[in-house]
1. Which members of the stretch A:80-102 meet the condition of being surrounded by fewer than 23 Cβ atoms within 10 Å (Cβ to Cβ), among the small types (Gly, Ala, Ser) and within 20 Å of the chain's Cα centre (by Cα)?
2. Got at least one residue in the stretch B:38-48 being outside any loop (DSSP other than H, G, I, E, B), modelled with pLDDT of 95 or more, over 21 Å from B:Asp172 (Cβ atoms) and not aliphatic (A, V, I, L, M)?
3. Please go through the stretch C:137-154 and give me each residue that is among the charged types (D, E, K, R), open to solvent by 10 Å² or more (accessible area, probe 1.4 Å) and in contact (Cβ under 8 Å) with a residue 24 or more places away in the chain, ordered by number.
4. Can you tell me which of C:Ser322, C:Ser270 is free of Cβ contacts under 8 Å to residues at least 40 places away in the same chain and over 18 Å from the mean Cα position of the chain (by Cα)?
5. Would you be able to say whether some residue in the stretch D:113-136 is of a type in the set (Asp, Glu) and buried (at least 23 other Cβ atoms within 10 Å of the Cβ)?
6. List every residue pair whose Cβ atoms lie under 8 Å apart, where the two residues are 6 or more positions apart in sequence or sit on different chains, the first residue falls within the stretch D:204-231 and is part of a loop (DSSP other than H, G, I, E, B), and the second residue, located anywhere, is acidic (Asp, Glu) and open to solvent by 10 Å² or more (accessible area, probe 1.4 Å).
7. Would you check if A:Gly12 is surrounded by fewer than 20 Cβ atoms within 10 Å (Cβ to Cβ), within 19 Å of A:Phe92 (Cβ to Cβ) and touching a residue at least 24 places away in the same chain (Cβ under 8 Å)?
Protein chains: 4
Amino acid sequence: MNSLELVLFGAGRIGQIHGANAAAHPRAKLRWVVDPNLEAATALAKKFGAKATTSPEEALADKGNTAAIIASSTNTHVELLTASSKAGLAIFCEKPIDNSLERVDLALAELSKSKVPFFIAFNRRFDPSFAALRGAVKNGDLGQVETVIITSRDPSPPPIAYVKVSGGLFRDMMIHDLDMARWLLPEEPVQVFAQGSALVDPAIGQAGDVDTAVVSMKTKSGVLCQISNSRRAVYGYDQRIEVHGAKGMLQAGNLTPTSVVHAGAAGVVSDKPLHFFLERYQKAYQAEMEHFVTAILDKKPLSTGAEDGRRALVLAEAAMKSLEKNAPVTL
Amino acid sequence: MNSLELVLFGAGRIGQIHGANAAAHPRAKLRWVVDPNLEAATALAKKFGAKATTSPEEALADKGNTAAIIASSTNTHVELLTASSKAGLAIFCEKPIDNSLERVDLALAELSKSKVPFFIAFNRRFDPSFAALRGAVKNGDLGQVETVIITSRDPSPPPIAYVKVSGGLFRDMMIHDLDMARWLLPEEPVQVFAQGSALVDPAIGQAGDVDTAVVSMKTKSGVLCQISNSRRAVYGYDQRIEVHGAKGMLQAGNLTPTSVVHAGAAGVVSDKPLHFFLERYQKAYQAEMEHFVTAILDKKPLSTGAEDGRRALVLAEAAMKSLEKNAPVTL
Amino acid sequence: MNSLELVLFGAGRIGQIHGANAAAHPRAKLRWVVDPNLEAATALAKKFGAKATTSPEEALADKGNTAAIIASSTNTHVELLTASSKAGLAIFCEKPIDNSLERVDLALAELSKSKVPFFIAFNRRFDPSFAALRGAVKNGDLGQVETVIITSRDPSPPPIAYVKVSGGLFRDMMIHDLDMARWLLPEEPVQVFAQGSALVDPAIGQAGDVDTAVVSMKTKSGVLCQISNSRRAVYGYDQRIEVHGAKGMLQAGNLTPTSVVHAGAAGVVSDKPLHFFLERYQKAYQAEMEHFVTAILDKKPLSTGAEDGRRALVLAEAAMKSLEKNAPVTL
Amino acid sequence: MNSLELVLFGAGRIGQIHGANAAAHPRAKLRWVVDPNLEAATALAKKFGAKATTSPEEALADKGNTAAIIASSTNTHVELLTASSKAGLAIFCEKPIDNSLERVDLALAELSKSKVPFFIAFNRRFDPSFAALRGAVKNGDLGQVETVIITSRDPSPPPIAYVKVSGGLFRDMMIHDLDMARWLLPEEPVQVFAQGSALVDPAIGQAGDVDTAVVSMKTKSGVLCQISNSRRAVYGYDQRIEVHGAKGMLQAGNLTPTSVVHAGAAGVVSDKPLHFFLERYQKAYQAEMEHFVTAILDKKPLSTGAEDGRRALVLAEAAMKSLEKNAPVTL
């Protein structure tokens, strides 16, 4: 196989990103763009020289396909993943697999039957700064890891309509941080404690969700982890990681559009962090597609699999249970 | 009263700092240095033109005294505080009042009887960076406060002999952070959850204590607080505060000995933070003495009182109980 | 015209960059890659679906061409520029036009005859940080500009063979900084004073060049400018600008591969700046191609022209004369 | 000798600083404060338990004196230095010795006759950051030094009346930077070129002075130095040094009152640099007094002498001549 021949499910915001990155890859080609909105599918397909359809079946019937990108709305992931798996395609799946653990398990069962390569796209693992930090941790630069501290704040809350179908802050937003925690901790967390409030927008509280939350976790050998989330940070997308160990501390800070600093009578002013995930994780999106394409074509292992998707969700559900019970949850 | 005439209890490390700051103050004078170690008392007294004794009674019998500095070992605080209070002296008391809440309450009862001015010296409240951060919070620069995040790491663990009599990490070390939390939160915490481990030195675990700990707290209206502590940070004393609110984030970072940066083939290297509390809080120690002397002489209110000492201890004990029960503690 | 149909002259390092950026642009298409090295031309042409040739005449005979990118070796620029101009093509020309002012003037005469759009590619003007800084200057954020300070250091000296044909540090390297100075100063410099030494490599001195140099310039109304250059900076490519004015200072600092910081026993270590121009100015190269393609197709003015190329060279020659005469040169 | 017994000449701003630092030193005692303004002398003397007089002769007649601090107005330095020298006192002299090279030479002749220890107080040499930077240079951390870059900007221009008697920017302000250059360069500068303008305040130009200036210098072996000065920086006192060498770059940046950063909707704002020299060089003033007292009492060499004062002035005069002649000046 010289080139991945791809079906892209989803022509929305994230589908456009993955589609563009795949199309720009010298070893990949978009064959199909599938979206219930034919206009969106057609626009995207045209841009990449692909065919458009509203029918997954039509696209999957094309024997020339070798891989699928699932970037459609979350509630369609399991169905499309199952169909793509049955079609024998390697799968790139935007996180999460699903917001229901039960349905995730169905998907995992299917995948374990078909044995198609499966990649769950936790973009932050491909952020150059986070990847360098993790490389240093794995390299032993800190010695034994003792505490992992993760900060994640969105610039502004999503529309309340989205909040209602999002699965809640823990499954929709903190799941990224929980995956970061798993990636950085030397072993799986065994205890999760969550606190949360609706401080940003009372409507979020009325929808049964929180917009400000902290989680503490502990592993079997006692390594600790703190996560802090907010649906609002007026200074931009706040994405930081700090790891402490026997030999010191590693920090990965925010990135800014420019390095310009203005020193004036009112203080020394520098850029706000990059606005949101499209800007901050632009390179991460490219790098994860590069990883997927190269791993499939060169028959190398994929760095994340369905089990990683499942475990992050298990932690998110534990945090939700902890918040509900007001007690730590043991895993 | 033109000048405070002071009895200093304690000629050890912290006694020397408070003694020197008092002696250097244009409106204060050391009259007595009291320490069970006569040699130490004499050395210090000589330096400041004061008299030395091993007997608190002898020093307190001097009718020329107007105030006392209690900087002796923690287990003598209540007794000396009581005696100073009965002698009608204004009291500057190094934190904590005592490690036992029962004895703290005895001290508070005595103080409420004598009505002498009482100052509990939480040095961090006088750190210029922390004070500026808090000033900005109180000024409304953040709008409604949503999350407070406090980092406190010592450069290296104390001797195990000290650990055993210290009252434990929460009462000995985190009490400072708990006071910072109270100082920065818009209302008192009502829930405390603690996790801790002995990761730095197993001997600390064997002594029944932890050396790495995190605490999460929540106030009645849902404001959140995270604290992270370690008895070791090989890069120096790590003292940082971060507060998030509706209008953004305030951070107070570490301080360094110099502003020198070396850009070389191996990276860009800057100073480690100031080594430990004597270096980091040098200005805070001066400022708290300035506050005490000025407030007493000018009959202004003291910024902290016995109740602040008590509440920080209540939080520390709640954290200890939470760790023991592995459950959040409600206050 | 819906799309630029491009002839690319030069399949070397910089040709590959401009070629790739043009090919990736949705409104541009590479038709020809021309290089004396047919293998290089063919490899590049194949990648972009273009035709390869060693003959400029063959490529320029194609009536489908609408624009040319001149990214060949400096000594061929004037000839190719003239031929492209006669062919009526819009021209994107890598700096410099030529190292000889006489030949530059020939080129300008030809361009003024043909009136084809001509863009001289001073990449730094398109660096996001430098562009933001300049935007702030033009916006009046500093009020009246008083001093411009430009730092430019290469990570390591070029091969001595290159040094010998480079035209010298001032024409080869500082010309970028001289263009930055012109771009940031409120008016043209009228006085130039240069000092230089061969401190990095004596062979550079033996070749009649310098590897370490500073220049001071002054405009008619007295605005000052300092430039500092070195052919070596072991910490990476050092590219900084600082502008002072009545209302403060603007600085644009170096960029780093990641935001990771390691605080350890030996200090706090952060990334070195991005290694060299390919890394640092990656976005600038994209942005200047975007500017060229869009300006030509949409008939908007190009932001730099032949006169900018000429004036930067005039300043470089003034600096050389100043160094030679050991005296300031008046323009 | 157990303690320095000091005559302080000058009860103005800088006299008060040196007086307070001397008085606070455990090995020094102020005996006399001398100032033409008796009220000022008396106020200061009272604070330190010294005697006040308007008569240098009266003070110098006291046989108990062992050292003098000359912190009076510049035009009295030579006379007081001569008298103190004749009285056999060790001398701490605020820079400059005098604004006239002729009179400096008279002073040097007198000092070489009397052989009293003489210290010229270039405060910046004792700034912890600059001292650490220089220590690293001397330690070989940069290998061979290639370029020294010095930035010095005052927060706001002095009153025009002061400008007129100040000796001009080069002798009054840049002399500090010229001393820094001498301190950091591996050998004396042999060429000086200056450019300057009155951009901040036309009245400064009318007074025959400049308020914005740059200087370039070169040593015999070709090491380069750039200095940039302004009488105004609305963001505060801008005091930075940057040294480049074979092994990298050392930078000493500005210092700030606090480490507080506010990230808000308008950007990320940190403190302006410390306001002016009293704040920035507070520790330097203490350290230079500590050096003087200790060196004299312990018979150790003083780190600067009259020749350092002379050479900085020679460079300042060379810069003035260069500006006047619009040509480099060779030394």
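The values are calculated or read from the model by the stated rules, or taken from the named source; none is laboratory data. All figures in this text were calculated on a predicted structure; none of them were measured in a lab. Cβ atoms come from the backbone with ideal geometry, glycine included; neighbour counts cover every protein chain shown. Calculation scope for accessible area: heavy atoms of the full protein, side chains included, ligands and nucleic acids excluded. Shrake-Rupley method; radii C 1.70, N 1.55, O 1.52, S 1.80 Å.
1. Passing the criteria: only A:Ser100.
2. Yes, the conditions are met somewhere in the stretch B:38-48.
3. C:Asp141, C:Asp154
4. Details: C:Ser322 fails: free of Cβ contacts under 8 Å to residues at least 40 places away in the same chain.
Of C:Ser322, C:Ser270, the one residue that is free of Cβ contacts under 8 Å to residues at least 40 places away in the same chain and over 18 Å from the mean Cα position of the chain (by Cα) is C:Ser270.
5. yes
6. Sorted first by the residue in the stretch D:204-231, then by its partner, the pairs are D:Asp211/D:Asp201; D:Lys220/D:Glu187; D:Lys220/D:Glu188; D:Ser221/D:Glu187; D:Val223/D:Glu187; D:Arg231/D:Asp154; D:Arg231/D:Asp201.
7. yes
Results for (1) within 23 Å of A:Ala213 (Cβ to Cβ); (2) among the charged types (D, E, K, R); (3) surrounded by 18 or more Cβ atoms within 10 Å (Cβ to Cβ), shown as yes or no for each residue.
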residue: A:Val268; (1), (2), (3): no, no, yes
residue: A:Asp271; (1), (2), (3): no, yes, yes
residue: A:Glu279; (1), (2), (3): no, yes, no
residue: A:Gly305; (1), (2), (3): no, no, no
residue: A:Leu313; (1), (2), (3): yes, no, yes
residue: A:Ala316; (1), (2), (3): yes, no, yes
residue: A:Thr330; (1), (2), (3): yes, no, no
